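First up is the structure itself, then whatever we jot down about it.
A short reminder: the numbers here are calculations on the coordinates, not readings from a lab. These numbers were taken from a predicted model, which means no experiment stands behind them. Positions of Cβ are backbone-derived with ideal geometry, glycine not excepted, and every protein chain shown enters the neighbour counts.
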Amino acid sequence: MNSPGKSLCLFWNSSIGKKIVVAVTGLLLVGFLLGHMAGNLLLFAGRDALNDYAEFLHHMLHGAGIWVARIGLLVALILHVMSTISLTLHNRAARKEKYEHEATVQASKSSRIMAISGLIILAFVIFHILHFTVRIDPELANMPDPNEPGRHDVYGMVLKGFEGPFVPAFYFIAITLLCSHLSHGIASIFQTLGLRSRKTEGSIKALSWLVTALLWVGFLIIPMSAYFKLVSDKGHASTGLIQQGTVADSTGYSPGLNRVQSAIQQGTVAE
Amino acid sequence: MNLTLKVWRQAHADDRGSISTYEAKDIPEEASFLEMLDIVNEQILEGDSGEEPIHFDHDCREGICGMCSLNINGVPHSKEQGITTCQVHMRKFRDGDTIWIEPFRAKAFPVVKDLITDRTAFDRIIAAGGFIDVRTGSAVDANSLPIPKEEADSSFDAAACIGCGACVAACKNASAMLFVGAKAAHLNLLPQGEPEKDRRVLSMVRQMDAEGFGNCTNQYECEAVCPKEISADVIAKLNRDYAKAAVKEAVAT
């Protein structure tokens, strides 16, 4: 029989094998999106909650955690893009001659623009990382937390970053395309991994739409609230947390972390 | 009824081909779609244009052989569900309609002439694994080999595939996953086919890829046009069985 290495090559070179890679990496990316959205929504819990969360992410596993996550996500993204591009090129070659009279019976609009929506999302992801992670804009890069000058003010950066009309507009278009991509993608994960059947078809479709709608609202509420100044830069929402946090400050090693913990215990952040 | 036909004409495999327009006059409503083409062909032969009649595939004309093909107004076997081209009747069209008639399109289904395509790629996929090695003899006595009712039904549903290739023609990627899924599920679900399941799935999928069919993008156009209404469940099953067989091949045996 084949050696494991040869089997892996055969798997990657087969249509189904490459699709399984797309499905598994897609699942990881959807999981990341849900976590990323939940974390971002801490914006509405105030400056301290969001900045504490950012600090927590940067100090996970003594600072190694974030790099494990970043590298993992980058590998997943590269595999997802590489295999879909390869599959798309193969698909185009398999149907070189078009019909003079084209018709579609039941394929959704979203499913027919997966390649283009995917490429626009990729461009958006690169922009988003340069914007908020690498922070090529020096104005966004040098923002110390007014309450704790030693750390970066993610809260202020987000509000500042969404000031102009172009950035929120681009986010709106990109997130909407992302959700179009996911409305077909999430359900497809189940089919490609062989978990869809006539019995589960309905619930998979419902779950797919639910997650997509949740991500659309959860992600867009942030740039929209920032642009329309529904969230103030003073962080009034967090005043209660700061008072609880100051108590923890005197005892804890990491004041930020303690504050998140105490807030979670009291159920304030979660809401 | 009088119709305008837009028909793909291609003299031979290497010809570029193009759409020709025909006026189909005095077509009876009760004629089948293929009978309508027969009438048009007679009109072509009676005329003095010296043109060859329109070539198209057909055989049983009762929806069970899988020989007839044709993309009718962009949909394989027409937009009517669960039937083959030979079962389409002209009463489904209206007087004055324009009908587009094209061959099934796929790199793996090259056009031989006009509307006739070479679908032997399907035969080679079957030859790669769509069989049982041992002689199974004639039908055994009922109940001597117990098979759960649900599995027998699922296998029978998959076995309804007539191999016409409409799934490939409807798929924008010209993927043969519904066909291969049906042929693999048909045997894999039964105790006679189960022992060779892994080898069958691996061989058939590899042959499918080698023939130049595309990859499934889960749009289920195949399911919508299948004259035997085979469910895309067989594709999910093929994906599952392939993943399991590939892992087994890599780490065991």
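Peptide A:77-87 shows a mean partner chain C-beta count of 1 within 10 Å per residue C-beta. Restricting attention to segment B:3-112, close to 75% of DSSP beta bridges with both partner residues there are antiparallel.
Projecting the Cα atoms of B:142, B:215, B:159 onto the dipole axis of segment B:119-251, where Lys and Arg carry +1 and Asp and Glu carry -1 at the beta carbon, places B:215 farthest toward the positive end.
Based on the alpha-carbon gyration tensor of segment B:1-99 and its eigenvalue square roots a ≥ b ≥ c, which shape applies: rounded if a/c is under 1.5, prolate if not and a/b is larger than b/c, or oblate? It is oblate, given that a/c is not under 1.5 and a/b is not larger than b/c.
Dividing the helix sum by the residues of chain A, where each DSSP H run of 4 or more adds -39500 (n - 2.57), gives a mean residue ellipticity at 222 nm of -23000 deg cm²/dmol. Reducing segment B:126-193 and segment A:1-72 to their Cα centroids gives an inter-centroid distance of 39 Å. When A:127, B:122, A:166 are sorted by how many other C-beta atoms sit within 10 angstrom of their C-beta, beginning with the fewest, the order is A:166, A:127, B:122.
Structural descriptor for chain B: relative contact order 19 percent, calculated from alpha carbon pairs under 8 angstrom and at least 6 residues apart. Modelled this way, with points 7 Å down the Cα-to-C-beta line, the labels at residue B:135 and residue A:93 are 4.4 nm from one another.
Which value, in debye to the nearest 20, describes the size of the charge dipole of segment B:119-251 about its Cα centre when Lys and Arg Cβ atoms bear +1, Asp and Glu Cβ atoms bear -1, and nothing else is charged?
For segment B:119-251, the charge dipole is close to 340 debye.
Which of the three applies to chain B, rounded, prolate or oblate, going by the alpha-carbon gyration tensor with a ≥ b ≥ c and a/c under 1.5 meaning rounded? Prolate is the answer for chain B, as a/c is 1.5 or above and a/b outweighs b/c. Computed from Cα atoms, the angle from the helix A:166-192 axis to the main principal axis of chain A rounds to 50 degrees. For a label point 7 Å from the Cα of residue A:130 along Cα→C-beta, name the residues of segment A:155-190 whose backbone N is under 14 Å from it. Output list for this probe position: A:167. Sequence-ordered 3J(HN,Hα) estimates for segment B:119-132 from the Karplus curve with 6.51, -1.76 and 1.60 and θ = phi - 60° stand at 9, 5, 4, 4, 4, 5, 5, 4, 5, 6, x, x, 8, 10 Hz, glycine and proline given as x. Between 0 and 90 degrees, the angle of helix A:239-249 with respect to the longest Cα principal axis of chain A falls at about 80 degrees. Calculated [222 nm] ellipticity per residue, helices only, for chain B: -11000 deg cm²/dmol; basis is -39500 (n - 2.57) per DSSP H run with n ≥ 4, divided by all residues, nearest 500.
Looking at the protein assembly as shown alone, DSSP beta bridges between its own residues are antiparallel in about 75 percent of cases.
Summary of the geometry: segment B:8-56 and segment A:117-171, compared by the centres of their Cα atoms, lie 64 Å apart. If contacts are Cα pairs under 8 angstrom and at least 6 residues apart, what is the relative contact order of segment B:119-251 in percent? Computed value for segment B:119-251: 33 percent relative contact order.
Assign one of three labels to segment B:77-160, namely rounded, prolate or oblate, based on the Cα gyration tensor with a ≥ b ≥ c the square roots of its eigenvalues; rounded applies when a/c is under 1.5, prolate when it is not and a/b is larger than b/c, and oblate otherwise.
oblate
Between residue A:228 and residue A:13, the C-beta separation translates, for a Förster distance of 51 Å, into a calculated FRET efficiency of about 0.50. Put in order of Cβ neighbour count within 10 Å, fewest first, the listed residues B:35, A:139 become A:139, B:35.
Looking at chain B, the DSSP beta bridges with both ends there are about 75 percent antiparallel. Each residue of segment A:14-29 is assigned a 3J(HN,Hα), and the resulting list reads 8, 4, 5, x, 5, 5, 5, 4, 4, 5, 5, 5, x, 4, 4, 5 Hz, derived from the Karplus form 6.51 cos²θ - 1.76 cosθ + 1.60 (θ = phi - 60°), x at Gly and Pro.
Distance between the modelled labels on residue B:199 and residue B:153, one decimal in nanometres: 3.3 nm (7 Å Cα→Cβ projection). On the basis of the beta-carbon distance and an R0 of 45 Å, residue B:252 and residue B:45 show a calculated FRET efficiency of 0.10. Among the residues of B:102-114, the average count of other protein chain beta-carbon atoms within 10 Å of the residue beta-carbon is 2. Helix A:201-227 and the long axis of chain A differ in direction by around 40°, with both axes built from C-alpha atoms. Simple spin-label estimate for residue A:58 and residue B:55 gives 7.3 nm between the two label positions (7 Å along the Cα-to-Cβ direction from each Cα).
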